[in-house]
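Undergrad: Take a look at the following structure, please.
The values are calculated or read from the model by the stated rules, or taken from the named source; none is laboratory data. The shown structure was predicted, so the numbers you read here are calculated from the model rather than taken from an experiment. Cβ atoms come from the backbone with ideal geometry, glycine included; neighbour counts cover every protein chain shown.
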Protein chains: 4
Amino acid sequence: MQIREGIVLGSEKPVLFAGPCAVESLDICLEIGSKVKAWAEEHGFSYVFKASFDKANRTSSGSFRSIGMDKSLEVLQKVGKELNVPLVTDIHESYQAAEVAEVVDVLQIPAFLCRQTDLLLAAGNTGKAVKIKRGQFMAPEDMQFAVKKVRSTGNENVCLTERGFSLGYHNLVVDMRGLPIMRQFAPVVFDITHSVQQPGGQGGSSGGQREFAPFLARAAAATGIDGFFIETHPEPAKALSDGPNLIPLHRMGDFLKMLKESWELGRKYQDFAVE
Amino acid sequence: MQIREGIVLGSEKPVLFAGPCAVESLDICLEIGSKVKAWAEEHGFSYVFKASFDKANRTSSGSFRSIGMDKSLEVLQKVGKELNVPLVTDIHESYQAAEVAEVVDVLQIPAFLCRQTDLLLAAGNTGKAVKIKRGQFMAPEDMQFAVKKVRSTGNENVCLTERGFSLGYHNLVVDMRGLPIMRQFAPVVFDITHSVQQPGGQGGSSGGQREFAPFLARAAAATGIDGFFIETHPEPAKALSDGPNLIPLHRMGDFLKMLKESWELGRKYQDFAVE
Amino acid sequence: MQIREGIVLGSEKPVLFAGPCAVESLDICLEIGSKVKAWAEEHGFSYVFKASFDKANRTSSGSFRSIGMDKSLEVLQKVGKELNVPLVTDIHESYQAAEVAEVVDVLQIPAFLCRQTDLLLAAGNTGKAVKIKRGQFMAPEDMQFAVKKVRSTGNENVCLTERGFSLGYHNLVVDMRGLPIMRQFAPVVFDITHSVQQPGGQGGSSGGQREFAPFLARAAAATGIDGFFIETHPEPAKALSDGPNLIPLHRMGDFLKMLKESWELGRKYQDFAVE
Amino acid sequence: MQIREGIVLGSEKPVLFAGPCAVESLDICLEIGSKVKAWAEEHGFSYVFKASFDKANRTSSGSFRSIGMDKSLEVLQKVGKELNVPLVTDIHESYQAAEVAEVVDVLQIPAFLCRQTDLLLAAGNTGKAVKIKRGQFMAPEDMQFAVKKVRSTGNENVCLTERGFSLGYHNLVVDMRGLPIMRQFAPVVFDITHSVQQPGGQGGSSGGQREFAPFLARAAAATGIDGFFIETHPEPAKALSDGPNLIPLHRMGDFLKMLKESWELGRKYQDFAVE
């Protein structure tokens, strides 16, 4: 999946999609983006800045959603220019695709929406790269149909993202078999921080288990995949969403070093077969 | 939840939402609607005609979606008038809410979309009754937040619908505990035919286990609930979607008789407690 | 499954297996057994007294296990004679089968052990009726192999029992489809109180949700089954095991009345098909 | 966990438990054991020969169980002496513990039996090392109680083994979070070949997905664990049990090389934390 000239998911270089969960402010986006960019370069990742312009499916309506779509997109655009990095953000309804595509390089389809045909087609029709998250209710092999919906628009720039499957209530499990299965259809990104989310596990908001992120990250990388997605914040406890599963910004450099080594192991053995 | 004057979900009379899966044609809608209406009256159900104007989340894009939104709504309107029955249909994006609300009495929020705040608010804002399906990934108690999102618009006419939880891949299970749990927040409808669906279980389309529908229907009714949702077709094998789980139209009369007796048992004992 | 002359699981009369979880003392067994026997007769159930002589798989070893196997069997025997009721109890290792079979009428195979070939064969070889609980990890259709193992001894007196499937950690779900599936192989009993257990959900012991027992009981009965299993205690909070899911003894009469009506509904419609 | 002098699970050197699923014959055990031993030494593993003397919980009773307990133990003993390797085998009932402990170095408790108190105590009382498999129905943190049961005998030589959790019917998922969770209580072994089993997935016997074994093996190793369990056979299609998930013997050398590198990555980062 080509993101920009020279930035390709599924190439010799892993891609890192990272940033705060939501566009909280220009300052915090620049702080996070500039630091992560430097670490990404140091450890050999292509970097794509991520932030959501709208948290459209919060557990309860009392939670923070957005500083406004227009203002968020403006911030994203400034971050992209100032840091010279590509951008990724989610869209939630088909009417948003064209407008958001003017600002970002990658349109992300949220997991709950991975079967919404109109949204997939609208994203595909923008010509921008499309990153689809696997629904928490979808068998890995069934994600091929989401990929095909995007490709039916003539847009081949599509990838899949793993973020856990429903294992009973308020809990997700990452089935590592899903990574090689989905990789048959498109390049695969592992979403490290949403995979340790506990949906609705704290009453009106979702909980998280940040402490398991390094374990799942190494495990997924070692299977052999193409990229990673991480949400980070200088002060997770003060983040406006997903605090319990964010990686503290000050740990991101070391995290990326570990991740790169794990990715190299996975890359070396990705085609190892036992037959 | 008041659907029309005198038609209340959560009253002395169970409500039946039933019809074909999709608006296939006016003729077939009238055939199904008129027969089901007669049986519903015979067995003591309030009847609401159901058909989707668009199948927006089919597994693969090669499947039938719609005869067109405008044409479908026109058909729905004619059915409603000709049979003098209220109507329910799904909406998938927030822009559809107002337009669809001009035609139908109940807006249904699909299971995958039960956390989409904008969609819930748009539905609530129409003032029409809103029927929310529980996501295949949502703990029953977390559905209270979806209800609250609708109620935050000032619209109290809202209900919840059970249709199965992800039990591994390609399989759904109905957790009967979820019915009394959700009933604490709003009246509850049991979706008999989608609860026996097998998501993506047949390659590019979903499978189904129609043979279990009578068992699950009796079980859910016996717990004590407010209404039922059934998709039916004169020739399930020829239906344009969900064929494997539809109830053959010729069995609907007997099915409703059985359902009513089961509902009466549930109603009698719905408050039975062991403490 | 013939339990004693005139007491047949899978006949015109439902069978109730009920009693305290463990053999705590003769007095408490007689108190529970005599009361339940009277209510069972009043409401039209055949009654089998149940109590475990050993809780062999408690979550932690600090929990109560037994007053001793010999003493427990002695108590069971006295209860059987004094109340003139058949008896059921669990066995855990094959060497126990013959000895226990001298005292009880039905040998119960615990859910965790439902695949242990030696245990099933030993139970079958006693000639006594064998009641196998479905493992929390077993697909309903795979229980046919457990039934076949018992039948391979020439013993046709075998039944299956539903008690929930693992739905993630610390939680069980009753898949009501499993009841008609298992009934193809043998008569089926629904274990009402273990189905609302929460395995290991309270640290070193299992929790329970007694409040859902009436809902699940009506639901399972309405599908159409052959018998019920209930653990009860005059003071659940003081019971030596499984307290959180026991039915208080003083509610058993009303519970059985409700259960019988539900069973009659299930029986009436057990063969209702939609094809 | 000390297995023999100088062979310690949870040390600087990973431990490999490997061999055929069942004791089929002395010749095949020697062929497998000698080859695996050489590769284990080459790649830096301590080696423990594994074979079951009895397959006590086969799906159906028509499947191969054993060449006889006595004969199997005799074969095991000869293999141990001839190859000078420690031995591990399963026990299924408490009476077997003492007899089997005379022959083997490690007693393995099968997953279905991980809550059977008598079996755990009998194993612990032999003084031999005890290897407990996590039940397919057990939350990882609840395995601490199984460990405590063994330790209550005064035997500290105990370890835990991961082999997948029930993800719906006929399917298992390895939750990689479970490995660091269980490691808080005891050293942890990853059972590579049973983790790709599909229980009962082929009618009267279990299926398997050997093709995923390398992916899960790298993933688990990368989290940071102590040992591995692998079943192998020169001709998996002819193996008397578990054929579909066995690793072909001729791939074991390369497999171990890959596994060692993965283990080293996990070891390097096992204490990496994000707080």
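Undergrad: Inspect region C:199-217 for any residue being closer than 21 Å to residue B:261 by Cα and of a type in the set (Lys, Arg) and give the result as yes or no.
TA: No, that holds for no residue.
Undergrad: Answer with yes or no whether residue D:118 is in contact with a Pro (Cβ under 6 Å, 6 or more places away or on another chain) and within 15 Å of residue C:116 (Cβ to Cβ).
TA: Criteria not met by residue D:118.
Undergrad: OK, next. Looking at this structure, is residue B:229 hydrophobic (A, V, I, L, M, F, W, C), assigned to a strand (DSSP E or B) and in contact with a Lys or Arg (Cβ under 8 Å, 6 or more places away or on another chain)?
TA: So residue B:229 passes the test.
Undergrad: Kindly list the number of the only condition in (1) more than 10 Å from chain B (Cβ to nearest Cβ); (2) under 15 Å from the mean Cα position of the chain (by Cα); (3) closer than 30 Å to residue B:253 by Cβ that fails for residue C:217.
TA: Every condition holds for residue C:217 apart from (1).
Undergrad: While we're looking at this one, here's another question. Do we have residue B:186 as more than 21 Å from residue B:129 (Cα to Cα), under 17 Å from the mean Cα position of the chain (by Cα) and either crowded, with 24+ Cβ neighbours inside 10 Å or touching a residue at least 12 places away in the same chain (Cβ under 8 Å) (or both) here?
TA: no
Undergrad: Can you tell me which residue in region C:258-272 is farthest from residue C:190 (Cα to Cα), limited to those that are within 7 Å of chain B (Cβ to nearest Cβ) and without any contact (Cβ under 8 Å) to a residue 12 or more places away in the chain?
TA: This residue is C:272.
Undergrad: For residues that are in a loop (DSSP other than H, G, I, E, B), among the hydrophobic types (A, V, I, L, M, F, W, C) and more than 22 Å from residue B:244 (Cβ to Cβ), tally how many sit in region B:3-40.
TA: Adding up the residues that qualify gives 1.
Undergrad: Okay, moving on. Consider residue B:73 against the criteria (1) touching a Lys or Arg at 6+ places or on another chain (Cβ under 9 Å); (2) surrounded by fewer than 22 Cβ atoms within 10 Å (Cβ to Cβ): it satisfies all of them except one. Which criterion is unmet?
TA: It is condition (1) that residue B:73 fails.
Undergrad: Would you pick out the residues in region C:144-167 that are in a loop (DSSP other than H, G, I, E, B) and either away from chain A (no Cβ under 14 Å) or under 22 Å from residue D:110 (Cβ atoms) (or both)?
TA: C:152, C:153, C:154, C:155, C:156, C:157, C:163, C:164
Undergrad: With B:255, B:229 as the choices, which residue is under 19 Å from the mean Cα position of the chain (by Cα) and more than 9 Å from chain C (Cβ to nearest Cβ)?
TA: B:229
Undergrad: Any idea which of A:30, A:9, A:16 is aliphatic (A, V, I, L, M), modelled with pLDDT of 95 or more, buried (at least 23 other Cβ atoms within 10 Å of the Cβ) and touching a helix residue (DSSP H, G or I) at 6+ places or on another chain (Cβ under 8 Å)?
TA: Going through A:30, A:9, A:16 in turn, just one is aliphatic (A, V, I, L, M), modelled with pLDDT of 95 or more, buried (at least 23 other Cβ atoms within 10 Å of the Cβ) and touching a helix residue (DSSP H, G or I) at 6+ places or on another chain (Cβ under 8 Å): A:16.
Undergrad: Another one. Among the residues of region C:64-93, which ones are within 14 Å of chain D (Cβ to nearest Cβ) and assigned to a helix (DSSP H, G or I)?
TA: C:69
Undergrad: In addition: Within region D:147-190, track down each residue that is in contact with a helix residue (DSSP H, G or I) (Cβ under 6 Å, 6 or more places away or on another chain) and over 28 Å from residue A:221 (Cβ atoms).
TA: D:149, D:150, D:153, D:155, D:158
Undergrad: Looking at (1) away from chain B (no Cβ under 14 Å); (2) not in a helix (DSSP H, G or I), can you tell me which one residue D:170 breaks?
TA: Result: residue D:170 fails condition (1) only.
Undergrad: Give B:243, B:224 a once-over and let me know the one that is within 18 Å of the chain's Cα centre (by Cα), at the interface with another protein chain (Cβ under 10 Å from one of its Cβ atoms) and of a type in the set (Gly, Ala, Ser).
TA: Of B:243, B:224, the one residue that is within 18 Å of the chain's Cα centre (by Cα), at the interface with another protein chain (Cβ under 10 Å from one of its Cβ atoms) and of a type in the set (Gly, Ala, Ser) is B:224.
Undergrad: Scan region A:94-143 for residues that are buried (at least 20 other Cβ atoms within 10 Å of the Cβ), within 9 Å of chain B (Cβ to nearest Cβ) and over 16 Å from the mean Cα position of the chain (by Cα) and jot them down.
TA: Scanning region A:94-143 gives A:94, A:115, A:116, A:117, A:119, A:120, A:137, A:138, A:139, A:140, A:142.
Undergrad: Then there is this: May I ask you to list the residues in region B:148-164 that are surrounded by 20 or more Cβ atoms within 10 Å (Cβ to Cβ) and within 20 Å of residue B:8 (Cβ to Cβ)?
TA: Result: B:150, B:157, B:158, B:159, B:160, B:161, B:162.
Undergrad: Within region B:41-53, take every residue that is assigned to a loop (DSSP other than H, G, I, E, B) and modelled with pLDDT of 95 or more and give me the one that is surrounded by the most Cβ atoms within 10 Å (Cβ to Cβ).
TA: B:45
Undergrad: Within the bounds of region A:67-75, is there any residue that is within 14 Å of residue A:241 (Cα to Cα) and either free of Cβ contacts under 8 Å to residues at least 60 places away in the same chain or within 17 Å of the chain's Cα centre (by Cα) (or both)?
TA: yes
Undergrad: Ok, one more. What number goes with the only condition from (1) in contact with a Gly (Cβ under 8 Å, 6 or more places away or on another chain); (2) over 24 Å from residue C:198 (Cβ atoms) that residue C:236 does not pass?
TA: Unmet for residue C:236, out of (1) in contact with a Gly (Cβ under 8 Å, 6 or more places away or on another chain); (2) over 24 Å from residue C:198 (Cβ atoms): (2).
Undergrad: May I ask you to say which residue of B:218, B:251, B:267 is of a type in the set (D, E, K, R), assigned to a helix (DSSP H, G or I) and surrounded by 24 or more Cβ atoms within 10 Å (Cβ to Cβ)?
TA: Testing whether each residue is of a type in the set (D, E, K, R), assigned to a helix (DSSP H, G or I) and surrounded by 24 or more Cβ atoms within 10 Å (Cβ to Cβ) leaves just B:218.
Undergrad: If the Cβ limit is 7 Å and pairs must be 6+ apart or interchain, which residue in region A:223-240 that is free of Cβ contacts under 8 Å to residues at least 40 places away in the same chain pairs with which residue that is surrounded by fewer than 24 Cβ atoms within 10 Å (Cβ to Cβ)?
TA: Correct list of pairs: A:236/A:243; A:236/A:248; A:237/A:243.
Undergrad: When both residues are 6+ apart or on different chains and their Cβ atoms are under 8 Å apart, which pairs have a first residue that lies in region C:17-41 and is under 19 Å from residue C:105 (Cβ atoms), and a second that is at pLDDT 95 or above and polar (S, T, N, Q)?
TA: Every condition considered, the pairs that remain are C:18/C:232; C:19/C:232; C:20/C:232; C:32/C:232; C:36/C:232; C:40/C:46.
Undergrad: Against the definition (within 14 Å of another protein chain (Cβ to nearest Cβ) and either touching a residue at least 60 places away in the same chain (Cβ under 8 Å) or surrounded by fewer than 23 Cβ atoms within 10 Å (Cβ to Cβ) (or both)), how does residue C:56 come out, yes or no?
TA: For residue C:56, the condition - within 14 Å of another protein chain (Cβ to nearest Cβ) and either touching a residue at least 60 places away in the same chain (Cβ under 8 Å) or surrounded by fewer than 23 Cβ atoms within 10 Å (Cβ to Cβ) (or both) - is met.
Undergrad: Please go through region D:180-210 and give me each residue that is part of a helix (DSSP H, G or I) and more than 7 Å from chain A (Cβ to nearest Cβ), ordered by number.
TA: D:181, D:182, D:183, D:194, D:195, D:196
Undergrad: So how many residues does region B:232-245 have that are over 21 Å from residue B:204 (Cα atoms) and of a type outside the set (Val, Ile, Thr)?
TA: Residues that pass the stated criteria total 3.
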